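Shown next, in structure tokens, is the structure this report addresses.
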Amino acid sequence: MLEKVYGRNLVAETLKLGRVRKVWCLPGHPFLKEVKEAKIPYEIVDRRKLDQFSHSGNHQGIVAEAEAYPLYEVEDMLKEKDGLLIILDGLKDPQNLGAILRTVDCAGADGVIFKKHNSVKLNATAAKVSCGAIEYVKAAEVTNLVQTIKKLKEKGYWILAADAGGTSAYDEMKYDMNIALVIGAEGEGISRLVKEQCDFVVSLPMKGHLDSLNASVAAGILIYQIVSERAHRG
């Protein structure tokens, strides 16, 4: 299966990994030399054509057709010590997914898990926002999050949820165990059945006029809190 990717950073990473099958770009584009050297078919087109391919996205003068992003099994992401997985419960905004993928890669977390149905997908928008991180972060689609969480518990993972009604402060916990961090959907939060499976529920302080954070921002704060606490352990 092939799909369109666009933007200089993303196309560069996709080229580097050998997934590009065809390129469309503006005349004289700086990546054209690399495309020719890789012997990838290409067409010189006008900006209107690129706008159509990218749905008027910020393509920066280049669009590529590439192999679909690979998906992994959850078992491919597991670690014996200091594991850190991100579970997305009903997230639908690909921009949030892209931002989370970027944070996961930068922080060195082990992967992202989301539902196969009625949930966000690895697509061109998520790829663009991730700035190429989508090429490196392991992602798994699962049919049932609750069953996946139960299996993670059997593998020694503790389930941590981020929710406004959390009973623990995020910066007062010890994260010295394998963790699967659950981030809820925009506006809806974490579903009841998933929350019932969580071992800990933490909240972030809200001291302004708003009572919630964007999902990717909340994920970023918590991911780096976990990584930081582990780095300073002992």
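The values are calculated or read from the model by the stated rules, or taken from the named source; none is laboratory data. Keep in mind that what you see is a predicted model, and the values were worked out from it rather than measured. Here the Cβ positions follow ideal geometry from the backbone for every residue, glycine too, while neighbour counts run over all protein chains shown.
Go through the stretch 11-60 and give me each residue that's touching a Ser or Thr at 6+ places or on another chain (Cβ under 9 Å) and surrounded by fewer than 16 Cβ atoms within 10 Å (Cβ to Cβ). His55 - this is the single residue of the stretch 11-60 that is touching a Ser or Thr at 6+ places or on another chain (Cβ under 9 Å) and surrounded by fewer than 16 Cβ atoms within 10 Å (Cβ to Cβ).
Does any residue of the stretch 162-175 turn out to be of a type in the set (Asp, Glu) and assigned to a helix (DSSP H, G or I)? Taking every residue of the stretch 162-175 in turn, none turns out to be of a type in the set (Asp, Glu) and assigned to a helix (DSSP H, G or I). Figure legend. Inter-residue proximity from the stretch 43-70: first residues farther than 12 Å from Val5 by Cβ and without any contact (Cβ under 8 Å) to a residue 24 or more places away in the chain, second residues of a type outside the set (S, T, N, Q) and surrounded by 13 or more Cβ atoms within 10 Å (Cβ to Cβ), beta-carbon distance below 6 Å, spacing 6+ or different chains. Indicated pairs: Glu43/Trp24; Val45/Trp24. Of the residues making up the stretch 127-148, those that are surrounded by 22 or more Cβ atoms within 10 Å (Cβ to Cβ) and either free of Cβ contacts under 8 Å to residues at least 24 places away in the same chain or of a type in the set (A, V, I, L, M, F, W, C) (or both) are Ala127, Val129, Ala133, Ile134, Val137, Ala139, Leu145. Whether a residue is outside any helix (DSSP H, G or I), buried (at least 20 other Cβ atoms within 10 Å of the Cβ) and modelled with pLDDT of 95 or more was assessed, and Val202 does not pass this test.
So which of Lys195, Lys207 is more than 18 Å from Asp93 (Cβ to Cβ) and part of a helix (DSSP H, G or I)? Among Lys195, Lys207, only Lys195 is more than 18 Å from Asp93 (Cβ to Cβ) and part of a helix (DSSP H, G or I). A single entry from Ala99, Ala169, Ala124 fulfils the requirement of being farther than 18 Å from Val202 by Cβ, surrounded by fewer than 23 Cβ atoms within 10 Å (Cβ to Cβ) and among the hydrophobic types (A, V, I, L, M, F, W, C): Ala99.
Taken residue by residue, the stretch 118-127 has at least one member that is hydrophobic (A, V, I, L, M, F, W, C), in contact with a Lys or Arg (Cβ under 6 Å, 6 or more places away or on another chain) and within 17 Å of Ala215 (Cα to Cα). Within the stretch 108-154, being in a helix (DSSP H, G or I), of a type in the set (Asp, Glu) and either over 14 Å from Pro70 (Cα atoms) or in contact with a strand residue (DSSP E or B) (Cβ under 6 Å, 6 or more places away or on another chain) (or both) holds for one residue alone: Glu154.
The set of residues from the stretch 39-76 being touching a Leu at 6+ places or on another chain (Cβ under 6 Å) and hydrophobic (A, V, I, L, M, F, W, C) comprises just one member, Val63.
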